[in-house]
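What follows is a single structure, written as structure tokens, with notes after it.
The values are calculated or read from the model by the stated rules, or taken from the named source; none is laboratory data. Given the structure is predicted, the values throughout are model-derived calculations rather than measurements. Every residue, glycine among them, receives a Cβ derived from its backbone with ideal geometry; neighbour counts consider all protein chains shown. Keep in mind that these areas ignore ligands, DNA and RNA; they rest on the heavy atoms of the full protein, side chains included. Shrake-Rupley method; radii C 1.70, N 1.55, O 1.52, S 1.80 Å.
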Amino acid sequence: MTGTEFALLSLTVGVGAVLQVSVGFGLGMIAAPVFSLVDPTLAPTVVLLLAAGVTAAVLVRERGSVDLRGCGWALVGRVPGVAAGALLVVMLPAKYLALLIAAVVLTGVAVSAAGYVPRVRRSSVFLAGMASGVMGTATSIGGPPMAMVWQRLSGPRLRATMSAFFLAGSLMSLVALSAAGAVGAHTLHRTALLAPAAVAGVLLAGPLTRRLDARHTRTAAMALAVAGAAGLVAQQLSTF
């Protein structure tokens with residue numbers, strides 16, 4: 001990894017961490033396409049490791065606002081999703097996994113922009129958890145299904161519930177990826193190098209969250225995610 005690549009990845013992680021703390025998701029959507037452009041071996045494992053640390057920080061800060069019942073049903077759904085996602089990582093070549101990451105980002109943005117709001121029922125939370133498990137394990141982008149089903153929650157409740165789900169869900173995904181041989185010395189070393197950027201993002205998010213408009217922040221996150229996904233698609237198509 002060159003100095004320029006390290007700077008780009010660090011900036012991406014820092015911005016993603018700020019968004020993750022501010023709105024409850026965003027690190028995976030922004031980081032996964034950029035990581036896949038720089039080094040395909042870093043996604044999804046390194047992104048998941050960094051996201052687990054950031055969500056743990058959010059959960060500690062806003063632990064009193066967690067919707068435990070909703071989070072529980074989402075995690076039940078995540079279990080079969082994690083298994084399916086791990087199979088995709090093992091079976092798909094790196095090129096097609098990168099295109100899957102881009103497709104997940106673009107689909108998530110399109111659904112969010114369409115304003116679809118599902119009814120929050122046990123079945124919808126379960127299915128969202130399952131979809132998040134597949135997407136989160138295969139691509140490190142498990143936020144869109146949960147953000148969609150929980151979008152009516154208040155700011156602190158949304159962030160806390162999403163963080164509780166993603167912390168537990170990321171650990172589940174990492175266990176499955178480890179069993180599939182996707183967690184090794186290379187990914188752990190890169191995670192350690194980029195961890196300071198995640199810490200910086202968490203620390204910056206505290207004062208920034210009080211000043212940032214949630215709607216504009218989500219819009220900016222979506223725009224950055226689309227830009228990263230478009231660049232990833234262009235890179236992969238140029239090699240066919």
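Among all residue pairs at least 6 apart or on different chains, which show Cβ distances below 9 Å where the first residue, located in region 70-97, is of a type in the set (S, T, N, Q) and the second is part of a helix (DSSP H, G or I)?
Close Cβ pairs (under 9 Å, with a partner that is part of a helix (DSSP H, G or I)) do not exist here.
Run down 34, 38 and say which single residue is open to solvent by 10 Å² or more (accessible area, probe 1.4 Å) and in contact (Cβ under 8 Å) with a residue 60 or more places away in the chain. Don't jump to the end; show me each part of the working.
On the way: 38 fails: in contact (Cβ under 8 Å) with a residue 60 or more places away in the chain.
After ruling out the rest, the residue left standing is 34.
Table: residues versus (1) under 13 Å from the mean Cα position of the chain (by Cα); (2) surrounded by 18 or more Cβ atoms within 10 Å (Cβ to Cβ); (3) free of Cβ contacts under 8 Å to residues at least 24 places away in the same chain.
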position	(1), (2), (3)
121	no, no, yes
127	no, yes, no
130	no, yes, no
157	no, yes, no
173	yes, yes, no
177	no, yes, no
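Out of curiosity, is residue 81 closer than 14 Å to residue 139 by Cβ and open to solvent by less than 60 Å² (accessible area, probe 1.4 Å)? So that I can check it myself, show each step before the final result.
Values: closer than 14 Å to residue 139 by Cβ: yes; open to solvent by less than 60 Å² (accessible area, probe 1.4 Å): yes.
Answer is yes for this residue.
Condition check ((1) modelled with pLDDT of 80 or more; (2) within 22 Å of residue 63 (Cα to Cα); (3) of a type in the set (Phe, Trp, Tyr); (4) in a helix (DSSP H, G or I)) across all residues:
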| site | (1), (2), (3), (4) |
| --- | --- |
| 119 | no, no, no, no |
| 124 | yes, no, no, yes |
| 136 | yes, no, no, yes |
| 146 | yes, yes, no, yes |
| 152 | no, yes, no, no |
| 161 | yes, yes, no, yes |
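Kindly indicate whether any position in region 49-67 is under 20 Å from residue 153 (Cα atoms), among the basic types (Lys, Arg) and open to solvent by 50 Å² or more (accessible area, probe 1.4 Å).
Yes, because at least one residue in region 49-67 is under 20 Å from residue 153 (Cα atoms), among the basic types (Lys, Arg) and open to solvent by 50 Å² or more (accessible area, probe 1.4 Å).
Based on what the data block shows, is residue 14 at positive phi, touching a residue at least 24 places away in the same chain (Cβ under 8 Å) and touching a Leu at 6+ places or on another chain (Cβ under 9 Å)?
Numbers: at positive phi: no; touching a residue at least 24 places away in the same chain (Cβ under 8 Å): yes; touching a Leu at 6+ places or on another chain (Cβ under 9 Å): yes.
The answer is no for residue 14.
With respect to residue 105, determine if the residue is assigned to a helix (DSSP H, G or I), among the β-branched types (Val, Ile, Thr), open to solvent by less than 30 Å² (accessible area, probe 1.4 Å) and under 26 Å from residue 42 (Cα atoms).
It is true that residue 105 is assigned to a helix (DSSP H, G or I), among the β-branched types (Val, Ile, Thr), open to solvent by less than 30 Å² (accessible area, probe 1.4 Å) and under 26 Å from residue 42 (Cα atoms).
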